[in-house]
Each structure stands twice: as structure tokens, then as C-alpha cells.
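Here's the structure, in C-alpha cells; my notes come after.
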Amino acid sequence: MTQTTNEDASEEQREQTVRPFADGGTLSLDDVFRILSNRRRRLALYLLFDASGSVDRDELASQLVAWERGVDVDDVPRDAVTTLNVELEHVHLPRLREANVVSYGRDERTLTLTETATRLKPYLDVSRDEDFEALD
């Protein structure tokens, strides 16, 4: 039985802190699972893939809130969209951009999938039904 020492654990933490994503535009399997570990990021990616790769950030936030609340997009309160936009801007979108999965338009409002995002598609295809069933 192999035992992990504190030194091994801290080395792993340092590696994840210093190098959170693979270089060179490709994603390692660890990168893929790190990106897909959050349901909101998966939902955002579903929408981007469904929208042929590009979507306005407000439209993205509105749709995510609608899915999470089980309501029509037109019935989503504006304050909920604003709150989610803040979370997207500070948590999820930087993570996706750092991984070279999403790029922002010049106006910083349009989100576009990159070629690297195609690496995530098979995993998203598997998780999609379960994610949407959990929302019901």
C-alpha cells in the first residue's frame, strides 16, 4: 500500500496552483475534469455548444437562471441575472478563458467557444441528461 506523505500532497497542491491548466492549447484529462467539475460551467458550455459557439453574456446568464429556476427566460428577474453575471465574470468565465475554452469578444460581452472546447464535448454529451434531470 502506497502512502501519500505531506511532502507529496504539498507538491501536488503547488503544481495545481502554479499550473492550473495545460499549456499549448490542449487540455489534459485533469484540466477537463477541473473545468467540468462545476454544474454552472457545464450549463454554460451546453448553451454555447447549442448556440453554435457564441452567445451574449447577458443571454447566457438569463438562460442559466431560467434553467436553474425552471422558468421561461422572459420570467427571470433582472437582479438574478445581474447576480449571476458577477459570478460568471469573477469565477467561471476566467476559468474557461484561462483554459482557452472560451474567448471574449472585443466588447467583452460575446462569448465564443474555441477549438480547444471540442475536447470537452464528449464529456458534456455524457453529463447533459443528468444535469438537466437534476434541475427538474
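The values are calculated or read from the model by the stated rules, or taken from the named source; none is laboratory data. As the structure is a prediction and not an experimental result, all values here were calculated from the model. Every residue, glycine among them, receives a Cβ derived from its backbone with ideal geometry; neighbour counts consider all protein chains shown.
Out of the residues in the range 53-76 meeting the condition of being outside any helix (DSSP H, G or I) and in contact (Cβ under 8 Å) with a residue 12 or more places away in the chain, tell me which one is farthest from Arg34 (Cα to Cα). That would be Val76.
Within the range 78-128, the set of residues being assigned to a helix (DSSP H, G or I) and basic (Lys, Arg) comprises Arg78, Arg95, Arg97, Arg119, Lys121, Arg128.
Can you tell me which residue in the range 79-103 is surrounded by the most Cβ atoms within 10 Å (Cβ to Cβ), limited to those that are β-branched (Val, Ile, Thr) and farther than 19 Å from Val65 by Cα? Filtering first and then ranking leaves Val101. Scanning the range 97-117 for residues that are touching a residue at least 60 places away in the same chain (Cβ under 8 Å) and either more than 17 Å from Ala51 (Cα to Cα) or in contact with a Pro (Cβ under 6 Å, 6 or more places away or on another chain) (or both) gives Glu98, Ala99, Asn100. Just for the range 1-48: of the residues that are of a type in the set (A, V, I, L, M, F, W, C) and part of a loop (DSSP other than H, G, I, E, B), which one is modelled with the highest pLDDT? Among those residues, the one meeting the criterion is Leu36. Go through the range 74-87 and report how many residues are more than 12 Å from Glu59 (Cα to Cα) and of a type outside the set (S, T, N, Q). Looking only at that region, the number is 6. With respect to Ala134, is the statement that it is over 24 Å from Ser28 (Cα atoms) and either assigned to a helix (DSSP H, G or I) or not small (Gly, Ala, Ser) (or both) true? Yes; evaluated as a whole, the condition is true for this residue.
Quick grid of which residues meet (1) under 21 Å from Asp31 (Cα atoms); (2) at pLDDT below 95; (3) buried (at least 21 other Cβ atoms within 10 Å of the Cβ):
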position	(1), (2), (3)
Asp50	no, no, no
Glu59	no, no, no
Leu64	no, no, yes
Asp72	no, no, no
Pro77	no, no, no
Gly105	no, yes, no
Glu115	yes, yes, no
Leu120	yes, no, yes
